[in-house]
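Participant: Below is the structure I would like to discuss, written out as structure tokens.
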Amino acid sequence: MAKHRRIKEQKQRDIQRQPDQRPPLIFCCHHRNAGLCTLLIILIACLLGFCFILYLSLWVPPLVFKPRYQDSVASTHAYHSPEDFKLDYEQMEREFKVFMYPDLDESYYQTPLSLTGKYASEGYFVKNLMESQFLTHDPDEAHLFFFPIFCTQTKAANVRTSENLTSNVEKFFQKLIHKYPYWNRTLGADHFFVTCYDTGVEATERVPLLVKNSIRVVCSPSYAVGYNPHKDVSLPPVKLPVFLPADRNNDTKSRTTFALWRGRINSELRAKLEIMWENDSEFEIISNNDSEFEIISNPIKYTSEGFRSNRTKFSTTKFCICAHGANDNTPCILDSILYGCVPVIISDYNDLPFSDILDWSTISFTLKESDVHLLKAVLLSVSDAVYETMHKSILEIQKHFHWHSFTIKYDSFHMVMYELWLRRHVIKYPRQRVSISLHAERNEAHADIFID
């Protein structure tokens, strides 16, 4: 018995010394319950993946792919106050309302507004306004009132002289202020009208009450047309079509021309500019004496040859010179911006578009007319870093100078509306008080012109 007991104990000790020969857990699961095992593995993998993602989110800086300029308003120095502008702009989109006077002549609004040529900005503005959320048919909720006075309608009606045009404008104006009471509440301070260039500007200037009191939205913001920067608004002219380089962010490498000026010699400044710099190898001066100028000087003629010339000139130039002449030089400034060329403005006075919003000192250079001899020295002093920064800012603000059939946020239409929004704060005279004052100081027949 003792011998058998010793043999049995020896076998047990041998078994304990042998390694565990059982199959691994996964093998057992495979044999016993493969489905449950697979589910367990998947759950463990998901848990590990979740823990890894949680670790990345807590300890690793987020890897988010954003556009180069996610918020173009806040990402550039081209604005006076980008945050304030953005907030006020959003408030304008929500609240701003404009009342457009109804048509007194049933055929007036039926005349199509031109979307080509030098009056195109008028047409785009009215089209965009009539299709926008800003237009209201309730005058009581309107911040501003729009006088529908257009050059294109008068031309369609075969009104060719400024005298006849002035007469038509004045008659239309008098009909509106006598039929509706809204003008009399502020004497027109909360009214605006749109006109661009030539006869339209000249005709409205001959209606003093309209020009002096109401807001003018014009394409030529200069003292020559009585422009008042505290009251009036600049309307960017239309440039169609605009051919932009495919890679705008790197197009500075292809700008081989140092400085460009093109225009007609119609002022003493331009004549001096030509004499001083036409023989300089780093300047390209194109005057009306050059045959090439006839192709590119007239922006109204939309020819493919002309626009190819414009694109070639402006897209390959670093600095575009905009010298004040007999007419406004806003088109030159606009061409420069649209083609990414830094504008160099030589003028003793020029109210630049959207100057309430844009800081033009960051996207352009301005010289007095008496400093034209310093032009090259000023431009040569600009470092590559400063130039790159200015060019980058110009690319950011280009959208503000584009008109569209269907409006886009921050385009020309919305920027003009924002300028009008800034001018909405006017004093509305109490009707009863004004009536008593006028009756006391003036005869009743004359006072009725101003009383609701």
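Participant: How many residues are over 22 Å from the mean Cα position of the chain (by Cα), at pLDDT below 90 and crowded, with 19+ Cβ neighbours inside 10 Å if we restrict to the stretch 118-158?
Facilitator: Within the stretch 118-158, residues that are over 22 Å from the mean Cα position of the chain (by Cα), at pLDDT below 90 and crowded, with 19+ Cβ neighbours inside 10 Å number 8.
Participant: Tell me, which helices (runs of 4 or more DSSP H) lie completely within the stretch 349-443 with 3 or more residues that are in contact with a Leu (Cβ under 9 Å, 6 or more places away or on another chain) and modelled with pLDDT of 95 or more?
Facilitator: Hits in the stretch 349-443: 412-422.
Participant: Which condition does I275 not pass, out of (1) at pLDDT 90 or above; (2) within 27 Å of Y227 (Cβ to Cβ); (3) not in a strand (DSSP E or B), if it passes all the others?
Facilitator: Going through (1) at pLDDT 90 or above; (2) within 27 Å of Y227 (Cβ to Cβ); (3) not in a strand (DSSP E or B) one by one, I275 breaks only (2).
Participant: Would you confirm whether or not the stretch 62-81 contains a residue that is exposed (fewer than 10 other Cβ atoms within 10 Å of the Cβ), at pLDDT below 60 and among the aromatic types (F, W, Y)?
Facilitator: yes
Participant: Output the residues belonging to the stretch 334-368 that are β-branched (V, I, T) and either surrounded by fewer than 22 Cβ atoms within 10 Å (Cβ to Cβ) or out of contact with any helix residue (DSSP H, G or I) (no Cβ under 9 Å at 6 or more places or on another chain) (or both).
Facilitator: Hits for the stretch 334-368 are I345, T362, T366.
Participant: Going through the stretch 270-279 one residue at a time, which ones are surrounded by fewer than 19 Cβ atoms within 10 Å (Cβ to Cβ) and touching a helix residue (DSSP H, G or I) at 6+ places or on another chain (Cβ under 9 Å)?
Facilitator: K272, M276
The values are calculated or read from the model by the stated rules, or taken from the named source; none is laboratory data. The shown structure was predicted, so the numbers you read here are calculated from the model rather than taken from an experiment. So basically every Cβ, Gly included, is an ideal-geometry build from the backbone, and we count neighbours across all protein chains shown.
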